[in-house]
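Undergrad: My questions all concern the structure below.
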Amino acid sequence: MSGSRIRRRLPAALATLALALALAPGAVRAETRIGYIDSARIFQEYKDAQEAQARFDRQVQGWRDEAVEKEKLVGQLRGEVRDQSPILSALKRQEKEEALQKAIGDYEKFVQDIWGPQGRAAQENERATGEVVQRIRAAVEKVAADKGLGLVLDAAGGVIIYADRTLDLTADVLQELSARSQGGSTR
């Protein structure tokens with residue numbers, strides 16, 4: 001199983017385990033208070049998350065534009081090799097073909113460096129979302145502590161089939177994030 005699949009399944013497995021423990025009979029059940037958030041809604045409505053996403057989208061668009069230019073160069077060189085090959089000397093044909101191969105290699109390396117598994121896009125996305133996730137997590141922890149909760153689940157993961165809406169902390173977390181943003185303590 002790949003690392004990304006494990007990372008996607010791990011939170012769901014942990015949430016299921018936590019829910020099972022929380023609903024277990026005995027002292028744990030009597031002591032544990034539960035709430036939940038909708039992280040998708042938080043990411044959609046939280047201004048800092050929107051700004052981070054917009055910055056990332058602009059960066060990705062720049063990379064796409066650069067990839068298109070590299071791809072155009074490959075196409076142009078391919079056309080020149082195809083069209084001019086019959087009239088070029090062996091040396092000039094070889095130079096054109098080498099230029100084409102270099103352009104193809106540059107394009108493929110660029111694509112891999114940007115969009116490969118450990119590429120700049122993945123790293124930049126992780127950095128941008130990591131900062132936002134830290135702020136959201138801190139807000140969730142504060143809201144949970146203020147309400148005396150021992151467990152907070154995420155409805156966006158699809159693990160929660162039903163929950164009383166009074167357990168939804170999403171609005172409280174968004175309010176806490178807003179207060180932290182206005183107070184300047186988010187960074």
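The values are calculated or read from the model by the stated rules, or taken from the named source; none is laboratory data. Every value quoted in this text rests on a predicted model; they were computed, and no experiment measured them. Methodologically, a virtual Cβ is constructed for each residue, glycine included, from the backbone with ideal geometry; neighbour enumeration extends over all protein chains shown.
Undergrad: Determine whether Gln123 is among the polar types (S, T, N, Q) and either in contact with a Lys or Arg (Cβ under 9 Å, 6 or more places away or on another chain) or exposed (fewer than 13 other Cβ atoms within 10 Å of the Cβ) (or both). Don't jump to the end; show me each part of the working.
TA: Values: among the polar types (S, T, N, Q): yes; either in contact with a Lys or Arg (Cβ under 9 Å, 6 or more places away or on another chain) or exposed (fewer than 13 other Cβ atoms within 10 Å of the Cβ) (or both): yes.
For Gln123, the condition - among the polar types (S, T, N, Q) and either in contact with a Lys or Arg (Cβ under 9 Å, 6 or more places away or on another chain) or exposed (fewer than 13 other Cβ atoms within 10 Å of the Cβ) (or both) - is met.
Undergrad: State which residue pairs qualify: first residue closer than 16 Å to Ala171 by Cβ and inside region 134-147, second residue basic (Lys, Arg) and not in a helix (DSSP H, G or I) in any location, beta carbons under 9 Å apart, and separation of 6 or more residues or different chains.
TA: Ala144/Arg33; Lys147/Arg33
Undergrad: Residues being in contact with a Ser or Thr (Cβ under 8 Å, 6 or more places away or on another chain) and charged (D, E, K, R): count how many of those fall in region 121-156.
TA: Summing the residues that are in contact with a Ser or Thr (Cβ under 8 Å, 6 or more places away or on another chain) and charged (D, E, K, R) in region 121-156 gives 2.
Undergrad: Is at least one residue of region 106-118 within 28 Å of the chain's Cα centre (by Cα), exposed (fewer than 12 other Cβ atoms within 10 Å of the Cβ) and closer than 30 Å to Val173 by Cα?
TA: Pass one, region 106-118, residues within 28 Å of the chain's Cα centre (by Cα): 106-118.
Then drop every residue that is not exposed (fewer than 12 other Cβ atoms within 10 Å of the Cβ), which leaves 117-118.
Still in the running and closer than 30 Å to Val173 by Cα: none.
Scanning region 106-118, I find no residue that is within 28 Å of the chain's Cα centre (by Cα), exposed (fewer than 12 other Cβ atoms within 10 Å of the Cβ) and closer than 30 Å to Val173 by Cα, so the answer is no.
Undergrad: Within region 139-187, track down each residue that is within 17 Å of Glu45 (Cα to Cα), surrounded by 15 or more Cβ atoms within 10 Å (Cβ to Cβ) and among the aliphatic types (A, V, I, L, M).
TA: Initially, region 139-187 is screened for residues within 17 Å of Glu45 (Cα to Cα), giving 139-140, 154-156, 168-182, 186.
With the extra rule that they be surrounded by 15 or more Cβ atoms within 10 Å (Cβ to Cβ), the set shrinks to 139-140, 154-156, 168-170, 172-174, 176-178, 180-181, 186.
Listed by number, the residues that qualify are Ala139, Val140, Ala155, Ala156, Leu169, Val173, Leu174, Leu177.
Undergrad: In addition: Regarding Val68, is this residue at pLDDT 90 or above, more than 30 Å from Leu149 (Cβ to Cβ), among the β-branched types (Val, Ile, Thr) and loosely packed, with under 13 Cβ neighbours inside 10 Å? Explain how you work it out, then say what you get.
TA: Working: at pLDDT 90 or above: yes; more than 30 Å from Leu149 (Cβ to Cβ): yes; among the β-branched types (Val, Ile, Thr): yes; loosely packed, with under 13 Cβ neighbours inside 10 Å: yes.
Judged against the criteria, Val68 is a match.
Undergrad: So which of Ala171, Ala163 ends up being over 18 Å from the mean Cα position of the chain (by Cα) and assigned to a helix (DSSP H, G or I)? Reasoning before the result, please.
TA: On the way: Ala163 fails: assigned to a helix (DSSP H, G or I).
Only one candidate qualifies: Ala171.
Undergrad: Mind listing whichever residues of region 143-170 are β-branched (Val, Ile, Thr), over 23 Å from Asp48 (Cβ atoms) and in contact with a helix residue (DSSP H, G or I) (Cβ under 6 Å, 6 or more places away or on another chain)? Break it down stepwise before answering.
TA: If we filter region 143-170 for residues that are β-branched (Val, Ile, Thr), which is where we start, we get 143, 152, 159-161, 166, 170.
With the extra rule that they be over 23 Å from Asp48 (Cβ atoms), the set shrinks to 159-161, 166.
Within region 143-170, Val159 is the sole residue that qualifies.
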